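**Student:** Below you'll find the structure I mean.
The values are calculated or read from the model by the stated rules, or taken from the named source; none is laboratory data. Fair warning: this is a prediction, and the values are worked out from it, not measured in the lab. Virtual Cβ from ideal backbone geometry, glycine too; neighbours counted across all protein chains shown. We work out accessible area using only protein heavy atoms, side chains counted, and drop any ligands, DNA or RNA first. Shrake-Rupley method; radii C 1.70, N 1.55, O 1.52, S 1.80 Å.
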Amino acid sequence: MENKGGFKVEFKFDLKENAEKLEQLKKVIQENKNKKGALMPVLHEAQKIFGYLPIEVQRMISEGLNIPLAEIYGVATFYSQFTLIPKGKYEIGVCLGTACYVKGAQDVIDKIKEILDIEVGGTTKNKKFSLQATRCIGACGLAPVMTINDDVYGRLKAEDVPGILKKYMEE
C-alpha cells in the first residue's frame with residue numbers, strides 16, 4: 001500500500017510474535033477440517049484471532065483445509081468483512097451516502113487523509129488509524145457523518161476534523 005508521500009507502507013507478519021495465535025488457528029482448522037463449507041467459518045475465526053488475513057495465514061488455511069490459496073484469496077478479497085491489512089486501533093468511517101456526500105463528506109475525507117497521511121482503505125504506519133468510506137449509515141439528518149469506532153460525529157465540516165482526531169491521537 002502506498003501513502004500520499006509515495007513510499008510503500010508494509011505490515012510485516014512476525015511468525016514468532018504470533019506463535020500463540022497460530023496455534024489457535026491450527027486448532028480451528030483441525031476442528032473444521034472435515035466439515036462441509038469449512039472455509040468461511042475458518043476465515044472468520046482467523047480474522048477474529050489476527051484482526052486481518054495476512055498471506056501467511058491464508059497459506060496455513062490453504063494447507064490445512066486442502067483448498068487452493070488462490071481460492072482462499074478470492075474469497076478473502078470478495079467479501080467486505082475480510083481485510084488483508086491490519087486495521088488501526090481507531091477505525092474511522094466516513095459516510096458517503098447521498099445526503100452526506102452532498103453536504104460535504106468528501107471534504108471531511110480529504111482533511112482526514114491530509115492530517116493522518118492515509119488513503120481510504122488504508123491503515124496508518126503506526127496502526128493507530130484506519131480509514132474507510134462507508135455506505136449510508138442511516139443518520140442522514142446528521143449529514144455528513146463520521147464514526148470512530150463506536151463514536152458518531154455529525155453535521156461535520158472539514159475544519160472540525162483536526163479537533164476530533166486530536167483526542168484520539170493523544171490516547
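**Student:** Any idea which of (1) in contact with a Phe, Trp or Tyr (Cβ under 8 Å, 6 or more places away or on another chain); (2) open to solvent by less than 20 Å² (accessible area, probe 1.4 Å) is the one V75 doesn't satisfy?
**Tutor:** That leaves (2) as the condition not met.
**Student:** Any chance the stretch 78-88 includes a residue that's open to solvent by 50 Å² or more (accessible area, probe 1.4 Å) and at positive phi?
**Tutor:** The initial filter retains those residues of the stretch 78-88 that are open to solvent by 50 Å² or more (accessible area, probe 1.4 Å), namely 78-81, 84, 87.
Filter once more, keeping what is at positive phi: none.
The answer is no; no qualifying residue exists.
**Student:** To continue, here is another question. Among the residues of the stretch 89-105 satisfying the criterion of being under 21 Å from the mean Cα position of the chain (by Cα) and assigned to a loop (DSSP other than H, G, I, E, B), which is surrounded by the fewest Cβ atoms within 10 Å (Cβ to Cβ)? Before the answer, list the steps.
**Tutor:** Of all residues in the stretch 89-105, those under 21 Å from the mean Cα position of the chain (by Cα) come to 89-97, 105.
Retained after the next criterion (residues that are assigned to a loop (DSSP other than H, G, I, E, B)): 89, 96-97.
Numbers: K89: 15, L96: 20, G97: 18.
So the residue we want is K89.
**Student:** Checking S130 against (1) outside any loop (DSSP other than H, G, I, E, B); (2) out of contact with any helix residue (DSSP H, G or I) (no Cβ under 9 Å at 6 or more places or on another chain); (3) open to solvent by 70 Å² or more (accessible area, probe 1.4 Å), only one condition comes out false. Which one?
**Tutor:** Of (1) outside any loop (DSSP other than H, G, I, E, B); (2) out of contact with any helix residue (DSSP H, G or I) (no Cβ under 9 Å at 6 or more places or on another chain); (3) open to solvent by 70 Å² or more (accessible area, probe 1.4 Å), only one is false for S130: (3).
**Student:** Moving on to the next point. Specify the residue that is least open to solvent (accessible area, probe 1.4 Å); the eligible residues are those in the stretch 33-49 that are within 24 Å of P86 (Cβ to Cβ) and more than 16 Å from the chain's Cα centre (by Cα). I'd like the intermediate steps shown before the answer.
**Tutor:** So the first thing to find is which residues in the stretch 33-49 are within 24 Å of P86 (Cβ to Cβ), and the list is 39-49.
When the remaining residues are screened for being more than 16 Å from the chain's Cα centre (by Cα), the result is 39-42.
Numbers: L39: 20, M40: 58, P41: 56, V42: 0 Å².
My answer is V42.
**Student:** Hey, another quick one. I67 versus (1) surrounded by fewer than 17 Cβ atoms within 10 Å (Cβ to Cβ); (2) β-branched (V, I, T); (3) within 30 Å of Y168 (Cβ to Cβ): which is the lone unmet condition?
**Tutor:** Here I67 meets the rest and fails (3).
**Student:** Just to be sure before I move on: is Q24 polar (S, T, N, Q), surrounded by 13 or more Cβ atoms within 10 Å (Cβ to Cβ) and farther than 24 Å from N126 by Cα in the structure I sent?
**Tutor:** On the way: polar (S, T, N, Q): yes; surrounded by 13 or more Cβ atoms within 10 Å (Cβ to Cβ): yes; farther than 24 Å from N126 by Cα: yes.
Yes: the conditions hold for Q24.
**Student:** Starting from residues that are aliphatic (A, V, I, L, M) and farther than 25 Å from I85 by Cα, keep the ones in the stretch 133-144 and report whichever is most open to solvent (accessible area, probe 1.4 Å).
**Tutor:** Within the stretch 133-144, the match that is most open to solvent (accessible area, probe 1.4 Å) is L142.
**Student:** Being in a loop (DSSP other than H, G, I, E, B) and closer than 28 Å to L84 by Cβ is the filter; apply it to the stretch 145-171 and report the residue that is most open to solvent (accessible area, probe 1.4 Å).
**Tutor:** Within the stretch 145-171, the subset in a loop (DSSP other than H, G, I, E, B) is 145, 149-150, 154-157, 170-171.
Cutting the leftovers down to closer than 28 Å to L84 by Cβ gives us 145, 149-150, 171.
Working: V145: 2, N149: 74, D150: 146, E171: 117 Å².
Ranking the candidates gives D150 first.
**Student:** As an exercise: evaluate T83 against (1) modelled with pLDDT of 95 or more; (2) hydroxyl-bearing (S, T, Y); (3) assigned to a loop (DSSP other than H, G, I, E, B) and give the number of the one condition it does not meet.
**Tutor:** Every listed condition holds for T83 apart from (1).
**Student:** Among the residues of the stretch 126-160, which ones are of a type in the set (S, T, Y) and more than 27 Å from K12 (Cβ to Cβ)?
**Tutor:** Filtering the stretch 126-160 down to residues of a type in the set (S, T, Y) leaves 130, 134, 147, 153.
The answer is T134, T147, Y153.
**Student:** While we're here: Six or more apart or on different chains, Cβ under 6 Å: which pairs go from a residue in the stretch 108-125 that's free of Cβ contacts under 8 Å to residues at least 24 places away in the same chain to one that's outside any helix (DSSP H, G or I)? Could you list them?
**Tutor:** V120/L131; V120/A133
**Student:** Of everything in the stretch 50-64, what is open to solvent by less than 30 Å² (accessible area, probe 1.4 Å), assigned to a helix (DSSP H, G or I) and without any contact (Cβ under 8 Å) to a residue 40 or more places away in the chain? Give them in sequence order. It would help to see each step written out before you state the result.
**Tutor:** Pass one, the stretch 50-64, residues open to solvent by less than 30 Å² (accessible area, probe 1.4 Å): 50, 52-54, 57-58, 61-62, 64.
From the residues that got through so far, the ones that are assigned to a helix (DSSP H, G or I) too are 50, 57-58, 61-62, 64.
F50, Q58, I61, S62, G64, listed by residue number.
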